[in-house]
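Report on the structure given below.
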Amino acid sequence: MKIAPEGFPFIAIALALAFAGALVSMRTFGALMVLAFCVAAFFRDPPRVIPTGEGLVVSPADGKVILIVPAPDGHAAGRGYTQVSIFLSVFDVHINRAPIAGTIKDVVYNKGEFLPAWDDKASLKNEQNRAFIEGSEGRVGFTQIAGLIARRIVFRKKEGDVVARGEQVGLIRFGSRTDVFLPEGTTLNVKVGDRVSGGSSVIAHLPGRPRP
């Protein structure tokens, strides 16, 4: 099982606790080894097949679509954008991926609260990192949002970096949410309640490139 590099320190701590627990009892050792396995599973990095084709927008995260609404007034995306929110439970892969190919723009990090990620107010009040990708096919925004348990957002890219569709850009630790902002005229390929996989699930087709 491939592991995201950000997970190694946490796995090492969990293993150290397990071996320390062996000094108490084998039952304690076993319980803590299960915990270490769960930590490793959280940071798993499974292979993904990135779809090809013009105008495709892929999901930036694994999880469940919980909200599809117009972007909030005053949002940096601008008028006419649609917000698609994806909730990641602690059982989902937490690696985030670029929804389209292009150049990273307008990266903004805000330190905030830790409301449950499914709360509508989370997108406004929680710790988050927002970025846009500008490519030949359009401009798409996405926001990594920390949840009730998540306490650290990792964004591996910087403004000016060029990314491919589905390329890894970061992760959020231990439960979170990712919002995607799609331009006016985009054809959605998902609905509330759908489960999606980061990098491989097509969630939309950009304007001028309707779903075949």
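The values are calculated or read from the model by the stated rules, or taken from the named source; none is laboratory data. Predicted model, so just to flag it, every value in this text is computed and none were measured. Please note: Cβ atoms are built from the backbone with ideal geometry, for glycine as well, and neighbour counts cover all protein chains shown.
Data for the structure
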item	result
Residues within the stretch 126-148 that are farther than 18 Å from GLY198 by Cα and either exposed (fewer than 15 other Cβ atoms within 10 Å of the Cβ) or modelled with pLDDT of 75 or more (or both), tallied	8
Conditions (1) at pLDDT 95 or above; (2) among the small types (Gly, Ala, Ser); (3) surrounded by 16 or more Cβ atoms within 10 Å (Cβ to Cβ): number failed by GLY160	(3)
Sole residue being out of contact with any Cys (no Cβ under 9 Å at 6 or more places or on another chain), buried (at least 17 other Cβ atoms within 10 Å of the Cβ) and assigned by TED's automatic domain parsing to the domain that holds GLY135, chosen from ALA76, ALA18, ALA36, ALA61	ALA61
Cβ pairs under 8 Å, 6+ apart, first in the stretch 170-193 and under 29 Å from GLY7 (Cβ atoms), second of a type in the set (D, E, K, R) and surrounded by fewer than 24 Cβ atoms within 10 Å (Cβ to Cβ)	GLY170/ARG156; GLY170/LYS157; LEU171/GLU6; ILE172/ARG152; ARG173/GLU6; ARG173/ARG151; ARG173/ARG152; PHE174/ARG151
Some residue of the stretch 74-97 being of a type in the set (Asp, Glu) and at pLDDT below 85	no
PRO5 under 19 Å from the mean Cα position of the chain (by Cα), free of Cβ contacts under 8 Å to residues at least 12 places away in the same chain and under 18 Å from ASP92 (Cα atoms)	yes
Per-region count, the stretch 39-58, residues buried (at least 18 other Cβ atoms within 10 Å of the Cβ) and part of a loop (DSSP other than H, G, I, E, B)	3
